Amino acid sequence: SSRVSDPVVAEVPQLLPGVGGGLGSGSDMINSESWKGGDLAFQRQRLAATFAFYDMDRSGFLEKSEIFQALNTAGFLISKENFDALIGSIDTNGDGKIDFEEFVYFYTNMEEQRKWEAMRDEIEGKLPSTPSTMTIIGRVKAGVNVRNVNLNTLFQQFNGGGHPKAASATAKLDDESEAKEVLQGLVDELIDASLEQQLTVGDFMQSPVLSAKPTMTEKQVEDLFIRYDVRALPVVDDNNEVIGLVSYKEVSAAKMRLINKQEKRIRQIEKAAEQGKELPEGRPLESTLKGWMKQHVQTVEASLTMAEVEHVLLETDVGCIPVVVDNTKQLIGMVTRTDLLRQHRYYSSLHYHNKGFSDSIAARKPIIELRKKLKKFDIENE
């Protein structure tokens, strides 16, 4: 064929059996004489060395098994259909084997294709870019850490706008490659100007906070609830460490038990009077808070984030949680569902109703003094 009669073929070093008379020199290395033939001869020398390396049986041809093994060794995974198509594109005479000239011809075509692709990319890179537009749509998920985000203001630089938490804009681009830069710029501006560090429990908890003692009776605890209009109180010991929690439910149940005891005591007295017996010595009817408060209650540390305490409130299905100093049980405040709603700003007009929790001790002092003056008029003291 014309390829065999090519004068360059005669100059191919004696590396392959069947190509120029076999391995006459016994060397499979690229010799220094290959440079004398120029770049083309040196390229063929390298291809000859590669061909000889994969021609395991030294037959002068690359069989399918040898090519398949070479691909696997190189880490290429290829299906049977694609492999057969590859062999078909190289085996120009269709004998099922790849000789050296077919190998060179295939490699040369691949190199030419790469050059054309590189030239095309270079030409396309110098062509004037086509203007385009990009539509940007933004939505903000509800959360306290993004409450200052204003998408309406952010998108005004692209003549866009909308709601502070839902807006859109259309950006004009000189080239599509600018899209990533534009989006990254918007994200950076959001982080720098709008996002803020998430609040911790210590930032919005109710403090100072009222508390109850485990030695208090039903009447004393009820008096606290009525006087300060509270629905729950933490219970602390003499060291101000949280040991329990009491809510209006426990107070109501305890008050009902106390009423039942009192009615039973009245019936005992009436029965003794009818029978002319001495009245039995009665034991105190009231019981201390330690016996009917909630024990082993959940507490949160002041350093927890709002998201973390919100998760605790939802998972434990409680309305309030005592807040303690980190790594201790020392009570420093309370956090309720109302506090979370206020921080989320779902209800901008939401204010504190719990005066015992929300007001400072100094602010509560006039009320306390007034209560002391009115105490002498309480029914139980008459």
Self-check item: Residue among Leu233, Leu210 that alone is surrounded by 14 or more Cβ atoms within 10 Å (Cβ to Cβ), under 36 Å from the mean Cα position of the chain (by Cα) and within 23 Å of Gln298 (Cβ to Cβ)
Solution: Leu233
Practice problem: Determine which single condition Leu127 fails, assuming it passes every other condition in (1) hydrophobic (A, V, I, L, M, F, W, C); (2) open to solvent by less than 30 Å² (accessible area, probe 1.4 Å); (3) modelled with pLDDT under 85. | Solution: (2)
Exercise. Just give me the residues in segment 265-305 being in contact with a strand residue (DSSP E or B) (Cβ under 7 Å, 6 or more places away or on another chain) and assigned to a helix (DSSP H, G or I), in sequence order.
Key: Leu289
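In this structure, is Leu245 in contact (Cβ under 8 Å) with a residue 24 or more places away in the chain and in a strand (DSSP E or B)?
On the way: in contact (Cβ under 8 Å) with a residue 24 or more places away in the chain: yes; in a strand (DSSP E or B): yes.
So Leu245 fits the description; yes.
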Quiz item: Residue check, Leu331 against (1) over 28 Å from Glu222 (Cβ atoms); (2) assigned to a strand (DSSP E or B), all met but one. Which one?
Solution: (1)
Practice problem: Scan segment 214-230 for residues that are within 42 Å of the chain's Cα centre (by Cα) and surrounded by 15 or more Cβ atoms within 10 Å (Cβ to Cβ) and report the count. | Solution: 3
Quiz prompt | Per-region count, segment 306-318, residues surrounded by 12 or more Cβ atoms within 10 Å (Cβ to Cβ) and in a loop (DSSP other than H, G, I, E, B) | solution = 1
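For Leu183, are the conditions met, namely being open to solvent by 70 Å² or more (accessible area, probe 1.4 Å), within 28 Å of the chain's Cα centre (by Cα) and touching a residue at least 24 places away in the same chain (Cβ under 8 Å)? I'd like the intermediate steps shown before the answer.
On the way: open to solvent by 70 Å² or more (accessible area, probe 1.4 Å): yes; within 28 Å of the chain's Cα centre (by Cα): yes; touching a residue at least 24 places away in the same chain (Cβ under 8 Å): yes.
Yes, satisfied.
The values are calculated or read from the model by the stated rules, or taken from the named source; none is laboratory data. Keep in mind that this is a model prediction, so the values were computed, not measured. Cβ atoms come from the backbone with ideal geometry, glycine included; neighbour counts cover every protein chain shown. For the accessible areas, the whole protein counts, side chains as well, though only heavy atoms, and no ligand, DNA or RNA atoms are used. Shrake-Rupley method; radii C 1.70, N 1.55, O 1.52, S 1.80 Å.
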